[in-house]
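Peer 1: Structure in structure tokens, see below.
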Amino acid sequence: MARTYKKNGNGEGSVFRRKDGYWVAQYAVNCNGTIKYRQKYGKTQKGAIQKRDETRAGRNLASPSRQFAPAWANTSTDGS
């Protein structure tokens, strides 16, 4: 009987165990058109996946400093 493996979806990353016993959850981040890989570590598989998911959820939220134009963009050039 052949084994069936669960394939992670695009962007979900991979989870594996290191020699020292820690679990690594690895995921891809698009950084200015290039793909960089980030890792989150945990003592258990579930812990590593949870840290990865928390980080990825936090990255999707826009921070308040990025929602508005910089202060110099609000200055008027009409002399008033």
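Peer 1: Under a point spin-label approximation (7 Å from Cα along Cα-to-Cβ), what is the T44-R17 distance to one decimal in nm?
Peer 2: 1.4
Peer 1: Further question: Multiply the residue separation of V29 and K6 by 0.36 nm, subtract the distance between their alpha-carbon atoms, and state the gained length in nm to one decimal. Each step should come with its number before you reach the end.
Peer 2: Working: separation 23, 0.36 × 23 = 8.28 nm, distance 2.20 nm.
Roughly 6.1 nm would be gained on extension.
Peer 1: Quick check for me: using +1 on Lys/Arg Cβ and -1 on Asp/Glu Cβ, what's the dipole size of the stretch 11-56 about its Cα centre, in debye to the nearest 20? Working shown, then result.
Peer 2: On the way: 11 positive and 4 negative charges, 36 e Å.
So the dipole magnitude of the stretch 11-56 works out to roughly 180 debye.
Peer 1: When all alpha-carbon pairs of the stretch 11-56 are counted, what percent fall beyond 13 Å?
Peer 2: On the way: 511 of 1035 pairs.
It works out to 49 percent of all Cα pairs.
Laboratory data are not the source of any read-out in this text; all were calculated from the coordinates shown. What you see is a predicted model; the values in this text were computed from it and never measured. A quick note on method: Cβ atoms are made from the backbone with ideal geometry, for glycine too, and the neighbour counts reach across all protein chains shown.
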